[in-house]
1. Arrange 90, 1, 171, 181 by Cβ neighbour counts within 10 Å, fewest through most, would you?
2. Hey, what did the chain get for relative contact order, percent, Cα under 8 Å, at least 6 apart?
3. Residue by residue through the stretch 192-209, what is 3J(HN,Hα) from phi via Karplus (6.51 cos²θ - 1.76 cosθ + 1.60, θ = phi - 60°)? Round to whole Hz and write x for glycine and proline.
4. Rounded to whole Hz and in sequence order, give me ³J(HN,Hα) for the stretch 226-235 from the Karplus expression 6.51 cos²θ - 1.76 cosθ + 1.60, θ = phi - 60°, writing x for Gly and Pro.
5. Among 88, 211, which comes first, second and so on when ranked by fewest other beta-carbon atoms within 10 Å?
6. Can you list which of the GluC sites (Glu not before Pro) found in the stretch 1-66 are DSSP loop residues with at most 16 other C-beta atoms within 10 Å?
7. Student exercise: in the chain, how many lysine pairs 8 or more apart or on different chains have Cα atoms under 22 Å apart?
8. Determine one quarter of the surface area of the Cα convex hull of the chain, which equals its mean projected area, and express it in nm² to one decimal.
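What follows draws every value from the coordinates through simple rules; no lab data is involved. Computed from a predicted structure; not experimentally measured. For neighbour counting, all protein chains shown are included, and Cβ atoms are generated from backbone atoms with ideal geometry for every residue, glycine included.
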Amino acid sequence: MKLVTFSTKDGVLRPGALESESNLVVDLSATGCKDALAVIAAGISEVPKNPGAYAGHRLSDVKLHAPLPNPPRVFAIGLNYRDHAKESGMELPTSPVVFFKLTTSVIGPGDAIVLPKNSTMPDYEAEFAFVIGKGGYRIAADDWRKHVYGYTIVNDVSARDVQFATTQWSMSKSFPTFCPMGPAIVTANEIADPHALQIGLTIDGETLQNSSTRELVFGIPALIEHLSSITPLLPGDVISTGTPPGVGLGRNPKRWLKPGETVTVSVEGLGSLTNPVVAE
């Protein structure tokens with residue numbers, strides 16, 4: 001199932017299931033779940049077998065929002081692709097580098113990335129993310145599949161000048177609109193191997209990042225074990241697993257985001273996430 005959050009003309013956000021073949025969005029409100037977070041917490045991974053009870057909307061008649069507009073937390077992992085660590089001039093980590101993106105930075109497909117006035121080095125970062133279904137504390141790596149609800153796409157937009165002004169990264173990653181997410185959360189039962197997916201990013205059609213999740217330093221089992229050894233993971237927690245090489249910081253000359261551009265992140269099996277870029 002492809003879990004989405006959508007609205008119609010009334011502007012009310014509802015949980016839905018995107019059926020790609022028919023281009024229909026099935027309203028999941030009839031499950032009793034008021035939002036996508038409730039769907040995840042309930043463990044619903046397919047449209048219930050009573051189609052008459054669920055309203056369907058043409059995709060062209062709805063607006064898609066971030067599939068999970070209200071995640072409890074967005075964990076992000078730094079330097080988690082070998083070549084990206086190298087291009088950043090940093091050593092390969094021996095333990096996951098963890099920071100947070102504040103949930104106020106989350107936007108959906110088609111929403112504008114707004115470049116803030118107080119940064120001159122805004123960067124793009126294509127990322128593959130997983131979403132926790134069943135929460136837990138001190139989860140064994142071997143049990144990771146029991147705790148993953150599904151997968152989605154994140155663009156970890158970053159203000160590099162703010163990032164490197166301190167040793168703490170979270171604020172530089174948390175400007176409003178700096179966490180585009182979506183278009184859907186694809187449930188885990190639809191992705192055979194999340195560690196063998198192509199990932200890439202284009203700006204106005206030019207390919208700037210192109211890699212595979214095979215190159216992750218710390219895969220999903222290790223990340224779940226590490227994070228849950230410190231804090232209990234909650235249903236709906238998003239863990240964005242890091243970016244491959246090709247970011248603006250690693251280029252010579254540097255390549256920063258500019259107003260008027262359009263950024264697209266693609267992950268095999270998850271679709272594409274496209275956002276325009278504007279100035280504040």
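1. Ranked by crowding around the Cβ, least crowded first: 90, 171, 1, 181.
2. Relative contact order here is 25 percent.
3. Result, rounded to whole Hz: 5, 9, x, 9, 8, 10, 6, 9, x, 9, 10, 10, 6, x, 8, 6, 10, 9.
4. 5, 4, 6, 6, 10, 9, x, 7, 10, x
5. Values: 88 16, 211 22.
Going from sparsest to densest Cβ surroundings: 88, 211.
6. Details: sites: 19, 21, 46; in loops: 21, 46.
Here the sparse-neighbourhood loop sites are 21, 46.
7. Number of lysine pairs found: 22.
8. Reported value for the Cα convex hull: 14.3 nm².
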